[in-house]
Amino acid sequence: MVSIARTPHPREKRIIFKNIDRPGWTNEIECYFRDGGYEELKKAFTMKPEQIVNEVKASGLRGRGGAGFPCGVKWGFIKPGGSKPVYLICNADESEPGTFKDRYIIHQDPHQLLEGMIISCYAVNARLAYIYIRGEFPEGAKILERALAEAKEHGFLGKNILGSGFDLEIYVFRGAGAYICGEETGLIESMEGKRPYPRIKPPYFPAALGLYMCPTIVNNVETLCNVKHIVRIGGAEYAKMGKPNNTGTRLLCVSGDVQKPGYYEFEVGGITIGELINDICGGMKPGRTLKAVIPGGSSAKLMSAKDRYKIKTKQPDGKMVEQEVGLEDIPIDFDTLAAAGSMAGSGGVIVMDDTRDMVWVLNNINEFYAHESCGQCTPCREGSLWMKKITERMLHGGGVEQDTATLKSVADNIAGRTICAFGEACAWPTQSFVAKFRDEFVATAGKKGNTNGSTNH
Amino acid sequence: MSAPTELLNVQIDGVWYQFKKGTRVIEACAQAGKFVPHYCYHPKLSSPGNCRMCLIEMGMPKLGPDRKPELGPDGKPVINWIPRPQISCAQDVAEGMGVRTDSALTRECRNGVMEFLLINHPLDCPICDQAGECQLQEYSVEFGTAGSRFLDEKVKKPKRVQLGPRVTLDDERCILCSRCIRFMKEIAHDDVLGFASRGSHTYLTAYPGRVLDSNYSLNTVDICPVGALTSTDFRFKMRVWFLKETKSICTSCATGCNTIIGTRENVIYRQTPRENDAVNSAWMCDYGRLNFHYVNSAERLKIPQVRETEGLANASWRSALATAAEELKQFQKDAVAVIASAQMTNEELWLAKKLIDSLGATYHDIVPRFGEADDILMSADRNPNTLGAQLFGVTGERPGAELPEIAKRIGSGEIKAVVALGEDLTQFGLTEGELKKLPTLIVVGILPNDTTRSASVLLPACAFPEKRGTMINIKGRLQRLNRAVQPPGEARDDWEIIRDLIQQLTGSNGIYLIEDVFKQIADAIPEMKGLSFSRIGDKGVQLVDETEEARAAPVTV
């Protein structure tokens, strides 16, 4: 990956991405040392593991992989003194369309991840950890292998790390190229050498019955990097960034119809969709207007620029005030986007302008999910391909009047009825696209060339 | 609510029931008379929860500020319903749990899954072997629609795949429930099946370089809820709705797996396992299952025959039995041998012992059959009723121990008369020439062999699916055979033939029905006291308890 030296935007708050594209920065450990690397690990070893867990709890850090589950709460599920070994897995299977943040950490700042991981392992008492990296990142895997070797050489891995008495090995595990391996229980199955069919929860919550049926913590790359900074500044100080229940910074990956797509880091909720597009990403392309945004990776529900959204904001006096705002005025944080009917997800912001054909866009997304459905649960397996077949047929002039209604009902029959969240991931695009741009779907379905129903029943 | 600790209170469709702790929700619903449709769930296998047909609404007691369940006006807990539907196959009941199996949401879920399962299904029911016992068909009636909203091309998948020597796969019919995969892994201990590819293109296959050739492969056909896996032996032979089903047991080894024999117009088309947790769970081996074709053979012996100068000639039963008795009466005790079979029923063996006693025959035994036991169902003892033969004294502690002596004495001419009940005497070293030299050889049999060809009197009898009677399996369980088909031609029940022979030798014995024989046995054998065919029932009766099992097990050779 070519690294282009680029100055962060003044509105950014770069903590995790501090070294990304930094002039003179390399991913070697010596460079990391020059920047104070592994000092937080030394500090962590002066603390008790439960102190670190408490700091992470106090920080309010929420998972950066997509679900936004509080990291400290997740760690708290691991009961100290259990008879089984604890595993920690770094989920580096970054596969959500529109998301490209973790790969920059891996490529340019792998030691930040390793330091965060080692601290996290110490906190949850994991003596064996894995970095599960997607198969499509061969270069990233190589870089991580080298970084692991460097860390080991300097005594940050292995037996009795820095004289702490704590032992740890970290291994890179390469995926074979399936989106579902990013689902934590699918990932675990895959590591066990099986088809990555997500497990039923309950009872197979990783913290209780994870890898090899042992307690396992699965955290995203960005989440683990944050742990290093929480140790550095303390949980309370960290929690001052962002806003309550939405603390810290967030990496955002902007793609689509903006002048300057790219990756940025802001305090959570520190920027609105409109500011991101117009102030940071150089606005829409000339002569184009904003049509819609998918704020958190392709599975997040689409938000239309035409709509008004009810959001709650906390006033200085602590009161919550409900406001109705336009799309551009929505701040990007977990709770606000959820309240507005979508989600912060994986931080992949996909921007669409007025030239976009929504049936085409949905078909593009449907094609991805039909291809990636693992096939375990009936509704997702059959429904994802069916939705793709409908949108594709509509695009090729074979639409029929009932297609719009069928699309919606197929999606409704998937969401909430499958083992894992892929059901929602593949249904939400269709549900939201049809709801927000119904007229476009009806129009496309009625376009000339219709066969008005094939006989292929 | 002060339920005993082992019972949990669960509300199903508004009514409160009590279930044992550890009961699956889907089983609890069934016990309450609320059947929950399902495909992937099978009570004998692990629950993957993948078909999503068993989605129901579930809830747990609403807790008050004191963390105790809030009670409604009826004094029962108020239930907090989970908004998302839940699968009922992978969870056990819990105290105060609420379940709705017939709400609008559950119906919507089932209709949705049903539609999804059918959109890529070939809908080739007219030529599908599963038609008539297909759960896609069954649930379509309740949860399907008459028309299809699916306007696009169906997914194409492999068809007529020979997964192994006995199982044929149609991947387009497969609903990917994974029952067969789990059976092979969890029960047959041969992890040979798996899914390949992804999403709607997923298909069932054997691992590269492997075939589904386990001796238990046909169980996958039984548990396949659709027509994806079919028995290569049975397929296209008969529509299942024409099959008459007779409960019986398998006689291919000493396990005595419970079976259903499927017949139409006196022809056997298939055998399938019948659930009995005391014997075979829900399974049977392929060997036993397919070991019935000889019954339908055109070669079956149909008419009694008596040796004339030119060879065997057809005779009436009356004259054949009279001839047999006349011949046998000529010899001294030590010149007569009776070779019986541990493939005979208890009733036949009981009468065989009476025949032995009537003749005063010094030499008698059975022909043992041994193979290799597996750790699943198949017993090393391939005779189904060795215990019966021992119990009635037809053979001793070591079945077959007398055979070398008998063979020697036949060879030397000291034994001049042999009664062969269902066994081919060449199996223990005798030659056809030696048998031909015997002055008297009374043979009861079903198919021609060297022994029947050497008979002086040949009496055609019944194969196991043509009989009523009982057998005792290797674990000391008394089980019943039932007649599924009539014997061919003039062939008669073995017990009647032996009874008539005894009658010819010693006069009337007051036995008219097979029940009379069983009554004699029940009166004589303490373990069977008070038993009758009806008391034995469909699932048998344990005669010896587990501690005596070792004693009851036959000696191995």
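Side notes on the structure shown:
- Screening B:Cys89, B:Cys109 for residues that are in a loop (DSSP other than H, G, I, E, B) and under 24 Å from B:Phe143 (Cβ atoms) leaves exactly one candidate, B:Cys89.
- Extreme residue, farthest from A:Cys121 (Cα to Cα), among residues of the stretch A:78-94 that are at pLDDT 95 or above and not aliphatic (A, V, I, L, M): A:Glu94
- Matching residues, the stretch B:491-514, being part of a loop (DSSP other than H, G, I, E, B) and in contact with a Cys (Cβ under 9 Å, 6 or more places away or on another chain): B:Ala491, B:Arg492, B:Asp493
- Residues in the stretch B:15-59 that are under 26 Å from the mean Cα position of the chain (by Cα) and hydroxyl-bearing (Ser, Thr, Tyr): B:Tyr39, B:Tyr41, B:Ser46, B:Ser47.
- The single condition among (1) more than 9 Å from chain B (Cβ to nearest Cβ); (2) in a helix (DSSP H, G or I); (3) charged (D, E, K, R) that A:Lys447 does not satisfy is (2).
- Residues that are buried (at least 22 other Cβ atoms within 10 Å of the Cβ) and assigned to a loop (DSSP other than H, G, I, E, B) within the stretch A:120-136 comprise just one, A:Arg134.
- Residue ID - farthest from A:Trp386 (Cα to Cα), chosen from residues in the stretch B:97-138 that are buried (at least 19 other Cβ atoms within 10 Å of the Cβ), more than 26 Å from the chain's Cα centre (by Cα) and among the polar types (S, T, N, Q): B:Thr101
- Every residue from the stretch A:351-404 that is surrounded by 22 or more Cβ atoms within 10 Å (Cβ to Cβ), in a loop (DSSP other than H, G, I, E, B) and at the interface with another protein chain (Cβ under 9 Å from one of its Cβ atoms): A:Ser373, A:Cys374, A:Gly375, A:Gln376, A:Cys377
- Residue selected from the stretch A:318-332 under the condition part of a loop (DSSP other than H, G, I, E, B) and modelled with pLDDT of 95 or more, by the criterion surrounded by the most Cβ atoms within 10 Å (Cβ to Cβ): A:Ile332
- Filter result for A:Leu224 (more than 30 Å from A:Ser83 (Cα to Cα) and crowded, with 24+ Cβ neighbours inside 10 Å): no
- Total residues in the stretch B:425-454, condition touching a residue at least 40 places away in the same chain (Cβ under 8 Å) and part of a loop (DSSP other than H, G, I, E, B): 4
- Residue among A:Gly60, A:Gly68, A:Gly81, A:Gly36 that alone is closer than 27 Å to A:Glu267 by Cβ and free of Cβ contacts under 8 Å to residues at least 60 places away in the same chain: A:Gly36
- Residues satisfying the stated conditions in the stretch A:169-202, i.e. in a strand (DSSP E or B) and either without any contact (Cβ under 8 Å) to a residue 40 or more places away in the chain or surrounded by fewer than 21 Cβ atoms within 10 Å (Cβ to Cβ) (or both): A:Glu169, A:Tyr171, A:Val172, A:Phe173, A:Arg174
- Candidates B:Leu377, B:Leu351: the one that is buried (at least 22 other Cβ atoms within 10 Å of the Cβ), in contact with a Cys (Cβ under 7 Å, 6 or more places away or on another chain) and more than 26 Å from B:Lys437 (Cα to Cα) is B:Leu377.
- Residue within the stretch A:405-425 that is more than 11 Å from chain B (Cβ to nearest Cβ), within 25 Å of A:Tyr197 (Cα to Cα) and assigned to a helix (DSSP H, G or I) present: yes
- Within the stretch A:307-324, tally of residues that are in contact (Cβ under 8 Å) with a residue 24 or more places away in the chain and either farther than 30 Å from A:Ser95 by Cβ or among the charged types (D, E, K, R) (or both): 4
- Spans of helices (runs of 4 or more DSSP H) in the stretch A:203-247 with at least 2 residues in contact with an Asp or Glu (Cβ under 7 Å, 6 or more places away or on another chain) and touching a residue at least 60 places away in the same chain (Cβ under 8 Å): A:221-233
- B:Ser281 more than 30 Å from B:Asn219 (Cβ to Cβ) and of a type in the set (Ser, Thr, Tyr): no
- Test result for B:Ala90, within 14 Å of chain A (Cβ to nearest Cβ), small (Gly, Ala, Ser) and under 37 Å from the mean Cα position of the chain (by Cα): yes
- When B:Glu348 is tested against (1) closer than 30 Å to B:Gly288 by Cβ; (2) part of a helix (DSSP H, G or I); (3) in contact with a Leu (Cβ under 7 Å, 6 or more places away or on another chain), just one condition goes unmet, and that condition is (3).
Here is a yes/no grid of residues against (1) in a loop (DSSP other than H, G, I, E, B); (2) of a type in the set (Asp, Glu):
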| site | (1), (2) |
| --- | --- |
| A:Arg64 | yes, no |
| A:Trp75 | no, no |
| A:Ile78 | yes, no |
| A:Ser83 | yes, no |
| A:Leu88 | no, no |
| A:Glu96 | yes, yes |
| A:Tyr104 | no, no |
| A:Gly116 | no, no |
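- Every pair of residues 6+ apart whose Cβ atoms lie under 7 Å, when the first sits in the stretch B:152-163 and is in contact (Cβ under 8 Å) with a residue 24 or more places away in the chain while the second is charged (D, E, K, R) and buried (at least 16 other Cβ atoms within 10 Å of the Cβ): B:Lys157/B:Asp171; B:Lys157/B:Glu172; B:Pro158/B:Asp171; B:Val161/B:Asp171
- Members of the stretch B:154-171 that are in a loop (DSSP other than H, G, I, E, B), within 17 Å of B:Thr232 (Cα to Cα) and either within 11 Å of chain A (Cβ to nearest Cβ) or more than 24 Å from the chain's Cα centre (by Cα) (or both): B:Pro158, B:Lys159, B:Arg160, B:Asp170, B:Asp171
- Any hit, the stretch A:251-271, residues being among the hydrophobic types (A, V, I, L, M, F, W, C), assigned to a loop (DSSP other than H, G, I, E, B) and out of contact with any Ser or Thr (no Cβ under 8 Å at 6 or more places or on another chain): yes
- Candidate set: the stretch B:68-87, residues that are of a type in the set (A, V, I, L, M, F, W, C) and either in contact with a Cys (Cβ under 8 Å, 6 or more places away or on another chain) or buried (at least 17 other Cβ atoms within 10 Å of the Cβ) (or both); chosen: the one nearest to the other protein chains (Cβ to nearest Cβ): B:Ile87
- Output for the stretch B:112-148, where each listed residue is under 16 Å from A:Pro379 (Cα atoms), at pLDDT 95 or above and not in a helix (DSSP H, G or I): B:Asn120, B:His121
- Hits in the stretch B:187-217 - residues which are within 12 Å of another protein chain (Cβ to nearest Cβ), surrounded by 19 or more Cβ atoms within 10 Å (Cβ to Cβ) and not in a strand (DSSP E or B): B:Arg198, B:Gly199, B:Ser200, B:Thr202
- Among the residues making up the stretch B:104-147, those that are within 14 Å of chain A (Cβ to nearest Cβ) and of a type in the set (Asp, Glu) are B:Glu108, B:Glu115, B:Asp124.
The values are calculated or read from the model by the stated rules, or taken from the named source; none is laboratory data. This one's a predicted model, so the numbers in the text were calculated from it and none came from an experiment. Neighbour counts are summed over all protein chains in view; Cβ atoms, including those assigned to glycine, are modelled from backbone coordinates with ideal geometry.
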